[in-house]
Amino acid sequence: MTSFLPDQDTIPADWIVPDWPAPANVRAVFTTRAGGVSQGPQATFNLGFKADDDPEAVRTNRALLAARTGVASAWVAQVHGPRVVDAQAALDAENAGNPLQADASATNAAGLASTVMVADCLPVLLCDAQGRAVAAAHAGWRGLCAGVLEQTVQALRARLPEDDADAPVIAWLGPCIGPTAFEVGPEVREAFLDAATPQTREATQAAFVPHGDPDAGKSLADLCALARLRLAREGVTNVTGGRWCTVSDPARFYSYRRDRTTGRMAALVWRQA
């Protein structure tokens with residue numbers, strides 16, 4: 001298997017480099033709590049300005065991320081929806097002080113990272129099998145149910161040559177709240193069942209395990225299983241990752257569900273020039 005480590009040797013050992021069958025020119029990384037300057041509940045590598053952290057610490061951490069990866073990150077203002085934007089447009093808007101509201105970005109440009117932040121929601125990184133385009137999506141349950149992954153796959157394919165728009169796409173699922181920790185109300189289950197196709201309804205239902213008082217109608221939800229179902233709608237079945245629970249590992253991962261006041265991690269993917 002090809003090594004997908006970024007070129008720099010300064011990536012903290014605690015960070016996660018996806019072990020996925022991406023082409024050699026595609027690089028990706030998932031940050032953890034390690035390697036930054038933030039203090040308190042956000043210690044140490046918080047990348048989110050809306051995490052009640054010192055803004056200067058966040059700016060320092062983002063600068064460290066750029067130095068360690070060697071690329072600029074295209075940040076978006078995440079709103080738990082299905083919108084996908086161009087990574088260069090997101091970078092330009094961020095630099096202008098007016099970040100785009102979206103939950104995913106895609107690009108075929110080299111040296112620019114599609115980037116999303118998480119602290120329990122599911123990060124999904126994608127590329128085509130020949131490494132001509134990449135994308136990153138933030139998939140909380142609302143965005144996932146609304147179709148953010150389908151929209152992201154379509155946006156990635158739109159950046160491929162017209163005669164190869166149906167090329168195979170590869171996906172990696174990063175750390176998120178796990179299936180033994182993600183308790184949801186009946187409205188979440190019903191929303192996914194309402195959005196399911198006849199072919200996926202049974203599998204969608206199986207992603208929700210009844211939990212607690214039966215009268216409350218609560219379930220434990222498997223975000224990764226739901227994501228795989230939604231990716232399959234777009235023909236994406238080469239999917240790896242999805243084996244880390246943010247809630248159960250406080251030493252390594254931020255978790256909003258666990259701590260409320262906490263930092264944000266990032267998942268980023270880019271094409272090497």
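The values are calculated or read from the model by the stated rules, or taken from the named source; none is laboratory data. None of these values were measured; they are calculated from a predicted model. Methodologically, a virtual Cβ is constructed for each residue, glycine included, from the backbone with ideal geometry; neighbour enumeration extends over all protein chains shown. Please note that ligands, DNA and RNA were not included when accessible areas were found on the heavy atoms of the full protein model with its side chains. Shrake-Rupley method; radii C 1.70, N 1.55, O 1.52, S 1.80 Å.
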Euclidean distance of C-alpha centroids, region 155-186 and region 199-273, integer Å | 11 Å
Cβ-defined net charge surrounding Q154, 15 Å radius [Lys, Arg +1; Asp, Glu -1] = -3
Can you give the extra length, in nm with one decimal, that the chain gains between V17 and R201 once fully stretched, where that is 0.36 nm per residue apart less the Cα-Cα distance?
-> 62.9 nm
In whole percent, how big is the carbon plus sulfur part of the accessible area of the chain, probe 1.4 Å, protein atoms only?
-> 50 percent
How far is it, in nm, from the label point at A66 to the one at T237 when both lie 7 Å from their Cα along the line to the Cβ?
-> 4.2 nm
Among beta bridges that DSSP assigns inside the chain, antiparallel share in %, nearest 5 = 70 percent
Excluding A90 itself, calculate the net charge of residues whose Cβ lies under 13 Å from the Cβ of A90, where each Lys or Arg counts +1 and each Asp or Glu counts -1.
-> -3
Please state the equivalent ellipsoid semi-axes for region 81-177: what are the square roots of 5 times the Cα gyration tensor eigenvalues, largest first, in whole Å?
-> 20, 17, 12
Which value, in Å², gives the accessible area per residue of region 1-119 when a 1.4 Å probe is used on the protein heavy atoms?
-> 41 Å²
Low-density loop trypsin sites (Lys or Arg not before Pro), region 40-70, at most 13 other Cβ within 10 Å, DSSP non-H/G/I/E/B, are K50
Return the loop-located trypsin sites (Lys or Arg not before Pro) in region 154-260 (DSSP other than H, G, I, E, B) with at most 14 other Cβ atoms within 10 Å of their own Cβ; answer none if there are none.
-> R243, R260
Here are several values of Cα Rg over 2.2 N^0.38 Å: (i) 1.12; (ii) 1.00; (iii) 0.96. Which one was derived from the coordinates shown?
-> (iii)
What does the accessible area of H138 come to, in Å² to the nearest 10, when a probe of 1.4 Å is used?
-> 10 Å²
